[in-house]
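Structure first, commentary second.
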Amino acid sequence: MKKNSFRTALALFIAASLSGCSFIPGTGGNDDDSSAPSKAESSADTSDASEKSENTAAQSSVTDESSAESSEEENILNEVYKAYAEIVTKLESEHGKAHKSLESGISGYAVGLSLVKLMDFNRDGIEELLCAYSDSSDAEFTNRQEVYSYIDGKAVSVYSGKVNYEGGVGPFVEYLDCSDKIYLFTDGNHGYLNYGTWNEFDGKEFKEVFSYKTSPEPDSNGVVPYTIDGKLVTDDEYNSKLDEFRSKGTENHITFYREEEMDRLFSETQNVIDVLKGFLADNSDNTEDTNDSDDTGTSLEQAKAVYKSYIDSGEWRSYEAFGENIENDTTLLDPDFAVFDFNGDGVYEMLMFSKGTDTGPRMQSRSVFCTMENKQVKVLLSGAESAGTIGGNSIHLRYDENADTFYISDGYYSGGWGGQASGSACYTMKDDGSL
C-alpha cells in the first residue's frame, strides 16, 4: 500500500494526533552475553532433553486443539453473519434503505431500514441483530423494532414490536448496557403518560423483568397512581426503584426524529450492513482453502466484524494498570475505533480509544492497538490513563513529516509531589506482525 493512500484513508481519524512530533525512543534490553550457561547447566539441560521433548509434544497437542476450536468458532461466526446479511437484505428490499421522510406533514423523520446494530444481549459470545424500520410505504417515520438471533442454524425473530415514543410523536429505541447482559426497552412512552418495560434475552426469547407506569391524572380519591411491575407504590418508591434499575448499566437512547443525529445514525447503520453483506460476498467466492490459518487475504469487512465482536464482548474493559488488575471497568464509554492495514501486509490492524466518565486533573481513558492472528484479535499495545495525577499511558498514531511515516506511539506521563515525567516510545511493525 502506498503511504500517501494510507495517509489519506486515515486523515480524519488521526487529525487529533498530529500535533508535535518529538520522539523518545524505547529502550532495548542488554545485549551482553555474560549470562551464558555454565558447563554444569548445559549438562543438566542435556539430561532433561527427553522430558522437554515430551512436554513440547504435549504442548503441541494442546495448541492443535486450541486452533481447531478457534477455527470452529470462526466458522460459526461466519454462518451467523451470513444469516444476518440475508435478513438485512430482505428488510431493505421490503422497507427501503434508510432516508429522511419528505412528507409535508411530518418531514425529517427517519424511514426505511434506519437502524441495524449487532449486540450480544445475553453475553453468550454470539451477537443478536437489532433492527428498526418503517413497516409500510405510507409510514411517516420508523415505527417498528425487531431483534433476530441465530438459533439452531438460522436467524429467527425473537422480538417484534412497535418502537417507543416521547413527547408525542418522538420515536426511539433504547437499551441498557450492563456487564452481564443488555436489556431492551419496549412498549414505552415518555410524555404526558410515562410507562415502559425492560426485557432480558434468555437465548430463546425476551422476557419482562421490570415495568413501570404512572399518570399525571389522580384517581377518584385524588391519588396519582404509580405502579412497579403491576403493583401500586408511592411516589418515592417509584422513583427509587426506577433509578435503581437504570443504574445497573449505561442507557443508550436512539431517536429517529432529531435531524442533527440522523446522518450519524444512517452512517453507522450502513457500515454494519456493508460488513454483513461482505460475508455473503466472501461465501459466494467459494475459495478452495477456507481453513487457512494465515490472515493474508482476510477482507476488510471480515476484519471489521472480528474487531467489532471484540469490542462488543467488553473484553477490553479488563486490564492491568497502575499496579493492579482492573476487572470490567464500566466507567469507560463505548469506544471509537479505526480498522486499517498499518504496514501493507494484507492483515488489518485496529486502534481503539475509549474515554471514561470520571473526570480529574488528567483524562481517564483506555486505548488498544491490536492486529489479527489466525483471525483472532491479538493485542500489541495497551494503554490506560487515570483520572488523577497518578498518570498512565495512551496509544495513538504519530506522523513524522521528514520520514513521511506513521508510528504507533505509546505516550506516558506520571506525576506527584516529587514532580512530573512524560515521554513516548514509537514503533513500526515487522513483517511478522510484531512491533
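The values are calculated or read from the model by the stated rules, or taken from the named source; none is laboratory data. Keep in mind that this is a model prediction, so the values were computed, not measured. All Cβ positions, glycine included, derive from the backbone under ideal geometry; neighbour counts span all protein chains shown. What goes into the accessible areas is simple: the full protein's heavy atoms, side chains included, and nothing from ligands, DNA or RNA. Shrake-Rupley method; radii C 1.70, N 1.55, O 1.52, S 1.80 Å.
So here's what we get for this one:
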{"quantity": "Subset tally (residues that are closer than 12 Å to Ser365 by Cα and charged (D, E, K, R)) for region 317-334", "calculated": "3"}
{"quantity": "Hits in region 119-160 (condition: without any contact (Cβ under 8 Å) to a residue 40 or more places away in the chain, touching a Phe, Trp or Tyr at 6+ places or on another chain (Cβ under 6 Å) and of a type outside the set (D, E, K, R))", "calculated": "Ser157"}
{"quantity": "Candidate set from region 319-352 (those that are among the hydroxyl-bearing types (Ser, Thr, Tyr) and over 15 Å from Lys378 (Cα atoms)); member that is most open to solvent (accessible area, probe 1.4 Å)", "calculated": "Thr330"}
{"quantity": "Every residue from region 176-197 that is within 22 Å of Thr214 (Cα to Cα) and either of a type in the set (A, V, I, L, M) or out of contact with any Gly (no Cβ under 9 Å at 6 or more places or on another chain) (or both)", "calculated": "Leu176, Leu184, Leu193"}
{"quantity": "The lone exception for Asp135 - which of (1) within 21 Å of the chain's Cα centre (by Cα); (2) open to solvent by 40 Å² or more (accessible area, probe 1.4 Å); (3) not small (Gly, Ala, Ser) it fails", "calculated": "(1)"}
{"quantity": "Residue match in region 276-287 (condition: at positive phi and modelled with pLDDT under 90)", "calculated": "yes"}
{"quantity": "Top-ranked residue in region 214-232 [being surrounded by 18 or more Cβ atoms within 10 Å (Cβ to Cβ) and free of Cβ contacts under 8 Å to residues at least 24 places away in the same chain; ranked as farthest from Ser149 (Cα to Cα)]", "calculated": "Tyr226"}
{"quantity": "Count of residues meeting criterion [over 20 Å from the mean Cα position of the chain (by Cα) and either crowded, with 17+ Cβ neighbours inside 10 Å or more than 18 Å from Lys277 (Cβ to Cβ) (or both)] in region 89-128", "calculated": "19"}
{"quantity": "Which numbered condition Phe172 misses (of (1) within 22 Å of Tyr109 (Cβ to Cβ); (2) surrounded by fewer than 19 Cβ atoms within 10 Å (Cβ to Cβ); (3) within 26 Å of the chain's Cα centre (by Cα))", "calculated": "(2)"}
{"quantity": "Listing of strands (runs of 3 or more DSSP E) fully contained in region 361-435 that carry 1 or more residues being within 24 Å of the chain's Cα centre (by Cα) and within 20 Å of Leu333 (Cβ to Cβ)", "calculated": "365-373, 376-385, 392-400"}
{"quantity": "Cβ-Cβ under 7 Å pairs, at least 6 apart or on other chains, region 320-343 side within 28 Å of Met429 (Cβ to Cβ), far side exposed (fewer than 15 other Cβ atoms within 10 Å of the Cβ) and among the aliphatic types (A, V, I, L, M)", "calculated": "Val339/Leu300; Phe340/Ala9; Asp341/Met1"}
{"quantity": "Search result, residues across region 229-249 that are more than 35 Å from the chain's Cα centre (by Cα), outside any strand (DSSP E or B) and of a type outside the set (D, E, K, R)", "calculated": "Gly230, Thr234"}
{"quantity": "Qualifying positions in region 167-198 - in contact (Cβ under 8 Å) with a residue 40 or more places away in the chain and assigned to a strand (DSSP E or B)", "calculated": "Pro171, Phe172, Val173, Glu174, Tyr175, Leu176, Asp177, Ile182, Tyr183, Leu184, Thr186, Trp198"}
{"quantity": "Yes/no for Thr428 being modelled with pLDDT of 90 or more and open to solvent by less than 30 Å² (accessible area, probe 1.4 Å)", "calculated": "no"}
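Results for (1) in contact (Cβ under 8 Å) with a residue 40 or more places away in the chain; (2) farther than 24 Å from Asp336 by Cβ, shown as yes or no for each residue.
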residue	(1), (2)
Gly391	no, no
Ile395	yes, no
Asp404	yes, yes
Tyr413	yes, no
Gly418	no, yes
Cys426	yes, no
Gly433	yes, no
